[in-house]
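The values are calculated or read from the model by the stated rules, or taken from the named source; none is laboratory data. Since the structure is predicted, the reported quantities are computational estimates derived from the model, not experimental observations. Cβ placement follows ideal geometry from the backbone for every residue including glycine, while neighbour counts extend to all protein chains displayed. We work out accessible area using only protein heavy atoms, side chains counted, and drop any ligands, DNA or RNA first. Shrake-Rupley method; radii C 1.70, N 1.55, O 1.52, S 1.80 Å.
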Amino acid sequence: MESVEKEQKESPKLHGLSNQGATCYLNSVLQVLFMTTEIHDSLDPNSDTDKELRNLFEKLETETCRTVDITNSFDITDVHQQRDAAECLEMILHKVIPQASQVFKGQLKYSTTCSKGHNLNTETNPFLTLPLSLKDANNSTFSVVSR
């Protein structure tokens with residue numbers, strides 16, 4: 001019992017986001033950004049969009065927050081329209097200053113080889129989100145390794 005009480009005292013109390021309608025996609029993205037602390041210090045206090053995110057992150061430290069200012073900042077006019085979370089993340093990352101979005105940037109390398117193993121083509125492209133299917137038709141599982 002004593003260790004549970006100690007753990008509760010050491011763990012910061014987390015707060016949530018009020019849903020404006022069908023903005024669960026936005027709320028989940030904002031929670032990911034909030035928990036990705038590397039982005040916090042990269043936000044520009046002179047940029048309106050970055051300032052709104054910074055304000056939201058500071059409030060989330062102490063209270064449950066509404067997202068009206070954020071939806072206005074991101075020009076989300078219909079809060080009752082469900083949207084895709086990955087598209088929302090990309091939209092936000094394109095609106096914040098480039099240094100902040102760099103936290104999510106990666107490089108994806110595509111290689112085409114012939115059946116004899118000769119490299120025919122190699123192409124590297126940047127990405128902000130990477131959709132991955134981690135199961136195939138045989139229910140095999142895969143892992144993702146960063147290099």
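Among residues of region 7-32 that are under 19 Å from R54 (Cα atoms), those with a Cβ under 7 angstrom from a residue that is open to solvent by 60 Å² or more (accessible area, probe 1.4 Å) and modelled with pLDDT under 90, sequence gap 6+ or separate chain, pair up as N27/N19. Among the residues making up region 24-50, a single one is open to solvent by 80 Å² or more (accessible area, probe 1.4 Å) and either within 16 Å of H94 (Cα to Cα) or among the aromatic types (F, W, Y) (or both): D48.
Here's the yes/no breakdown for (1) modelled with pLDDT of 90 or more; (2) outside any loop (DSSP other than H, G, I, E, B); (3) surrounded by fewer than 18 Cβ atoms within 10 Å (Cβ to Cβ):
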site	(1), (2), (3)
H15	no, no, yes
D69	yes, yes, yes
Q82	yes, no, yes
E90	yes, yes, yes
A100	yes, yes, no
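For the subset of region 102-120 comprising residues that are aliphatic (A, V, I, L, M) and closer than 30 Å to D50 by Cα, which member is surrounded by the most Cβ atoms within 10 Å (Cβ to Cβ)? Filtering region 102-120 for residues that are aliphatic (A, V, I, L, M) and closer than 30 Å to D50 by Cα, the one surrounded by the most Cβ atoms within 10 Å (Cβ to Cβ) comes out as V103. Filtered by the rule that a residue be touching a residue at least 12 places away in the same chain (Cβ under 8 Å), closer than 13 Å to I70 by Cα and not polar (S, T, N, Q), region 42-58 gives D48, D50, E52, L53, R54, L56, F57.
Tallying residues that are of a type outside the set (A, V, I, L, M, F, W, C), buried (at least 18 other Cβ atoms within 10 Å of the Cβ) and part of a helix (DSSP H, G or I) within region 55-67 yields 0.
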